[in-house]
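Enquirer: Starting off with a structure, shown below.
The values are calculated or read from the model by the stated rules, or taken from the named source; none is laboratory data. Note that this is a predicted model, so its numbers are computed, not measured. Because the Cβ atoms are built from the backbone with ideal geometry, glycine has one as well, and the counts that use them run over all protein chains shown. Ligands, DNA and RNA are stripped out before the accessible areas are found, and what is left, the full protein with its side chains, is counted by its heavy atoms. Shrake-Rupley method; radii C 1.70, N 1.55, O 1.52, S 1.80 Å.
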Amino acid sequence: MSRQMHFGLFLLGTGSHIAGWRQPGAMDTFQDIEKVRQIAATAERGLFDLIFMGDNLNADPASHPSYTARLEPMTLLAAIAGATRHIGLGGTVSTTYADPFSVARAFASLDHISGGRAAWNAVTTSAPAAAANFGTQHPDHARRYERAGEFVDVVTGLWDCWADDAICADRASGVYIDPAKVRPLDHEGPFFKVKGPLNIGRSPQGHPIISQAGGSEPGQMLAARTADIVFAVVQDLAEAKAGYDSLKARLPAFGRHPDEVCVLPGVMPVVGRTAKEAREKLNDLMQFVDTSNALGMLSERFGHDMSAYALDGPIPDLPEADTYKSFTGVLLSKARRDGMSLRDLYNLVAAARGHWVLCGAAEEVADTLQQWFEAGAADGFNVMPPYFPGAFDDFVDLVIPILQERGLFRTAYEGATLRDLLGLKRPANPNF
Ligand SMILES: Cc1cc2nc3c(=O)[nH]c(=O)nc-3n(C[C@H](O)[C@H](O)[C@H](O)COP(=O)(O)O)c2cc1C
């Protein structure tokens, strides 16, 4: 069968657009599990590979509403697991502010609960404001990635402490766990000291899927070594293709085949039955943008307070921030290419939090996704609806069928686990 696309749904209850919730009929909360279940049902109807829940560890009322008032990802994903059957369940947990034993345990649990559909988005946390909630200082970018590397190794090491058949529960002999099939980890490194084993048996996927979204040099190296999915920030096909190629080219050095990582650029689709209708929908959304909601987001993405600059002036020359490398690099490069003012940039960030906005008739949206996929710039896409449910329904009902007709997307779920959906092998356990 020819190569097919993969789709993730980036779930933010009030939508990816900063003020998507103001659209009449749009969902205006990220704290209502019943509504989230309905979105999950739509994602399964659309045969998506996974639902992805980001996370942050501080609340800033000036930021995106769904960054500020949100359900905790692991709790939410466990609740969705019971309401879905096929779709992968991805959630962010920070390598800077969590501990690897608890993370390994939580994702192994979610993998068992969901029958092999768990995915961990390992992020280093860019917002320095998180530190104050953990009684600590925010480590710098390089240090965050050093810790992340060791963190991921401890997590995967813990998942491998158990052989698949360690729990024998032999009623005749009375042996419940074969002691030869469980071993400690005995990890001691610069950041962590973890004895192990984990207190949960090896999970259906062996290793739950790991995703990564860092675009910096250490971010790409970590992804090339450890990630199954990479969420990319894109604004331009040629740049996205270069990023895709650069990431894939790094895999062989870690003994991995380039196909072992699935690259999903983020896209906010605004879909109409005609191009005009789509443009009107986007214009409606942009009317809700104002300095009170968009400047905070812009400052967050750039790691600098942007409220001091004139919106209709040029984009200021800012020193590189220690927060995100991915967003700043991609956005500044687009701004240069398109001769954007600070206001243009602010509109772009307000629209899709700095991700790519793809507005058009369903056929045009499908054409563009196909073009990127066939150009080798993506293995699929992380879909970021501006609001729910309407904008997501539009994508599922209007765009997915076109991609299916073209043989570019599945027409039924096949396989039991998220690894199966992504076409990724279950990792062997090197210990047994
Ligand atoms: C699609 C996508 C999702 C992300 N999700 C989160 C998240 O949930 N929480 C978070 O703190 N950072 C998140 N990030 C930020 C990155 O994981 C990373 O920490 C950040 O881009 C800084 O790394 P870099 O300098 O290597 O780009 C996300 C980034 C992207 C592109």
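Enquirer: List every residue pair whose Cβ atoms lie under 6 Å apart, where the two residues are 6 or more positions apart in sequence or sit on different chains, the first residue falls within the stretch 304-327 and is closer than 24 Å to Asp140 by Cα and of a type in the set (Asp, Glu), and the second residue, located anywhere, is open to solvent by 50 Å² or more (accessible area, probe 1.4 Å) and at pLDDT 85 or above.
Expert: As it stands, the answer is Asp322/Asp140, since those pairs meet every condition given.
Enquirer: Still on this structure: When the stretch 218-262 is examined, which residues are found to be small (Gly, Ala, Ser), assigned to a helix (DSSP H, G or I) and closer than 26 Å to Val155 by Cβ? Before the answer, list the steps.
Expert: Our first condition is that a residue be small (Gly, Ala, Ser); within the stretch 218-262, this holds for 219, 223-224, 227, 232, 238, 240, 242-243, 246, 249, 253, 255.
Still in the running and assigned to a helix (DSSP H, G or I): 219, 223-224, 238, 240, 242-243, 246, 249, 253.
Hits for the stretch 218-262 are Gly219, Ala223, Ala224, Gly243, Ser246, Ala249, Ala253.
Enquirer: Also, quick follow-up: Regarding Pro265, is this residue more than 25 Å from Thr125 (Cα to Cα), open to solvent by less than 10 Å² (accessible area, probe 1.4 Å), in contact (Cβ under 8 Å) with a residue 60 or more places away in the chain and assigned to a strand (DSSP E or B)?
Expert: no
Enquirer: Would you confirm whether any residue within the stretch 41-64 is free of Cβ contacts under 8 Å to residues at least 60 places away in the same chain, in contact with a strand residue (DSSP E or B) (Cβ under 9 Å, 6 or more places away or on another chain), under 23 Å from Ala213 (Cβ atoms) and of a type in the set (Gly, Ala, Ser)?
Expert: No.
Enquirer: At least 1 residues that are more than 13 Å from the ligand (Cβ to nearest atom) and basic (Lys, Arg) in each: list the helices (runs of 4 or more DSSP H) lying fully within the stretch 1-81 that qualify.
Expert: Where helices (runs of 4 or more DSSP H) fall fully within the stretch 1-81 and carry at least 1 residues being more than 13 Å from the ligand (Cβ to nearest atom) and basic (Lys, Arg), they are 33-45.
Enquirer: For the stretch 268-305, which positions are among the acidic types (Asp, Glu), open to solvent by 70 Å² or more (accessible area, probe 1.4 Å) and either part of a helix (DSSP H, G or I) or within 16 Å of the ligand (Cβ to nearest atom) (or both)?
Expert: The answer is Glu280, and nothing else.
Enquirer: Quick check: is even one residue across the stretch 361-369 over 24 Å from His64 (Cβ atoms), surrounded by 23 or more Cβ atoms within 10 Å (Cβ to Cβ) and under 21 Å from the mean Cα position of the chain (by Cα)?
Expert: yes
Enquirer: If you don't mind, there's one more thing I want to ask. Let me confirm something: among Asp165, Asp160, which residue is farther than 14 Å from Phe192 by Cα, surrounded by fewer than 18 Cβ atoms within 10 Å (Cβ to Cβ) and at pLDDT 95 or above? Step through it out loud before you land on a result.
Expert: Values: Asp160 fails: surrounded by fewer than 18 Cβ atoms within 10 Å (Cβ to Cβ).
Exactly one residue qualifies, and that residue is Asp165.
Enquirer: If you take the residues of the stretch 86-116 that are more than 12 Å from the ligand (Cβ to nearest atom) and among the aromatic types (Phe, Trp, Tyr), which of them is farthest from the chain's Cα centre (by Cα)?
Expert: Phe101
Yes/no matrix, rows are residues, columns are (1) touching a residue at least 24 places away in the same chain (Cβ under 8 Å); (2) surrounded by 17 or more Cβ atoms within 10 Å (Cβ to Cβ); (3) β-branched (Val, Ile, Thr); (4) within 16 Å of the ligand (Cβ to nearest atom):
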position	(1), (2), (3), (4)
Pro179	no, no, no, no
Asp186	no, no, no, no
Gly196	yes, yes, no, no
Gly201	yes, yes, no, no
Gly215	yes, yes, no, yes
Phe231	yes, yes, no, yes
Gln235	yes, yes, no, yes
Gly243	yes, yes, no, yes
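Enquirer: For the stretch 97-118, how many residues are of a type outside the set (A, V, I, L, M, F, W, C), open to solvent by 10 Å² or more (accessible area, probe 1.4 Å) and either in a loop (DSSP other than H, G, I, E, B) or within 27 Å of Asp140 (Cβ to Cβ) (or both)?
Expert: Qualifying residue count for the region: 4.
Enquirer: Does Val396 qualify as being within 16 Å of the ligand (Cβ to nearest atom), surrounded by fewer than 24 Cβ atoms within 10 Å (Cβ to Cβ), under 20 Å from Glu277 (Cα atoms) and β-branched (Val, Ile, Thr)?
Expert: no
Enquirer: Open to solvent by 20 Å² or more (accessible area, probe 1.4 Å) and either over 22 Å from the mean Cα position of the chain (by Cα) or more than 12 Å from the ligand (Cβ to nearest atom) (or both): does that describe Asp322?
Expert: Criteria not met by Asp322.
Enquirer: Restricting the first residue to the stretch 272-285 and requiring it to be farther than 17 Å from Asp393 by Cα, which pairs with a second residue that is modelled with pLDDT under 95 and in a helix (DSSP H, G or I) meet a Cβ separation below 9 Å and a spacing of at least six or different chains?
Expert: Here the result reads none, with nothing in the stretch 272-285 linked to a residue that is modelled with pLDDT under 95 and in a helix (DSSP H, G or I).
Enquirer: Then there is this: Restricting attention to the stretch 203-213, which residues are more than 8 Å from the ligand (Cβ to nearest atom) and in a loop (DSSP other than H, G, I, E, B)?
Expert: Initial filter on the stretch 203-213 (more than 8 Å from the ligand (Cβ to nearest atom)): 203-211.
Correct list: Pro204, Gln205, His207, Pro208.
Enquirer: Is it the case that some residue within the stretch 351-370 is under 27 Å from Tyr145 (Cβ atoms), out of contact with any strand residue (DSSP E or B) (no Cβ under 6 Å at 6 or more places or on another chain) and more than 16 Å from the ligand (Cβ to nearest atom)?
Expert: No, the stretch 351-370 has no match at all.
Enquirer: Which one of these does Ala119 not meet: (1) within 13 Å of the ligand (Cβ to nearest atom); (2) of a type in the set (A, V, I, L, M); (3) over 20 Å from the mean Cα position of the chain (by Cα)?
Expert: Here Ala119 meets the rest and fails (3).
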